[in-house]
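Asker: Structure incoming, see below.
The values are calculated or read from the model by the stated rules, or taken from the named source; none is laboratory data. Keep in mind it's a predicted model, so treat the numbers as computed, not measured. When we count neighbours, we look across all protein chains shown, and the Cβ atoms used for this are built from the backbone with ideal geometry, even at glycine. All accessible areas refer to the heavy atoms of the entire protein, side chains included, with ligands and DNA or RNA removed. Shrake-Rupley method; radii C 1.70, N 1.55, O 1.52, S 1.80 Å.
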Amino acid sequence: MFYVYILRSKTNPDQTYVGSTSDLRKRLAEHNAGKSIHTNKFKPWNLMAYIALPEKRLAEELES
């Protein structure tokens, strides 16, 4: 499965981020560890929503 997810910054609630991954738990941990250049300045993050899809292509299309 592939996931499209929405994050909201705990410290800056106006900041949100949409991403896709095949390992949602690992990817959220990476965001909260500051390993993503796009999200490290607004960490930590809360997972607000996600959707599971059977194909990577579908997840990437929905993400963008």
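Asker: How far apart, in nm, are the 7 Å Cα→Cβ label points at residue 46 and residue 1?
Answerer: Reported label-point gap for residue 46 and residue 1 is 2.2 nm.
Asker: Which entry is the computed P(r) over Cα pairs in 5 Å bins from 0, in percent for this structure: (i) 4, 17, 26, 21, 15, 11, 6, 1, 0; (ii) 4, 17, 29, 24, 16, 8, 2, 0; (iii) 4, 21, 30, 23, 15, 6, 1?
Answerer: Recomputing P(r) over Cα pairs in 5 Å bins from 0, in percent here picks out (iii).
Asker: Of the heavy-atom accessible surface of the chain (probe 1.4 angstrom), what whole percent is carbon and sulfur?
Answerer: Numbers: 2170 of 4410 Å².
On the chain, the fraction of accessible area on carbon and sulfur atoms equals 49 percent.
Asker: Within the chain, how many lysine pairs that are 8 or more places apart, or on different chains, have C-alpha atoms less than 16 Å apart?
Answerer: Numbers: 10/41; 10/43; 26/35; 26/43; 35/43.
So the count works out to 5.
Asker: Sorted by accessible area (1.4 Å probe), largest first, how do 23, 14 line up? Kindly include the intermediate steps, with their values, before the conclusion.
Answerer: Values: 23 70, 14 145 Å².
The residues order as 14, 23, largest area first.
Asker: For a quick check of your reading of the filter: which GluC sites (Glu not before Pro) in the chain sit in a DSSP loop and have no more than 15 other Cβ atoms within 10 Å?
Answerer: Numbers: sites: 30, 55, 60, 61, 63; in loops: 55.
Sites meeting the loop and neighbour criteria: 55.
Asker: In addition: Can you tally the net charge around residue 62? Count Lys and Arg as +1, Asp and Glu as -1, for every other residue whose Cβ sits under 15 Å from the Cβ of residue 62. Numbers along the way, then the final one.
Answerer: Numbers: positive: 56, 57; negative: 55, 60, 61, 63.
Residues near residue 62 contribute -2 overall.
Asker: How much area per residue is accessible in the chain when the probe is 1.4 Å and only protein heavy atoms are counted (Å²)? Walk me through the numbers on the way to the answer.
Answerer: Numbers: 4410 Å² over 64 residues.
Normalised by residue count, the accessible surface of the chain is 69 Å².
Asker: Something else: With θ set to phi - 60°, apply the Karplus curve 6.51 cos²θ - 1.76 cosθ + 1.60 along the stretch 18-35 and write out the HN-Hα couplings as whole Hz, x wherever there is a Gly or Pro.
Answerer: Taking θ as phi minus 60°, the curve returns 10, x, 9, 6, 9, 9, 5, 4, 5, 5, 4, 4, 5, 4, 6, 8, x, 7 Hz for the stretch 18-35.
Asker: Amide H of residue 15 versus every other amide H placed in the peptide plane: which residues, excluding those fewer than 5 positions away on the same chain, fall under 5 Å?
Answerer: Answer set, sorted by chain and number: 9.
Asker: Now for a different question. Given a Förster distance of 35 angstrom, what is the FRET efficiency for residue 56 paired with residue 11, based on the Cβ-Cβ distance and rounded to 0.05? Walk me through the numbers on the way to the answer.
Answerer: Details: r = 31 Å, r/R0 = 0.90.
With R0 = 35 Å, the Cβ-Cβ based efficiency is 0.65.
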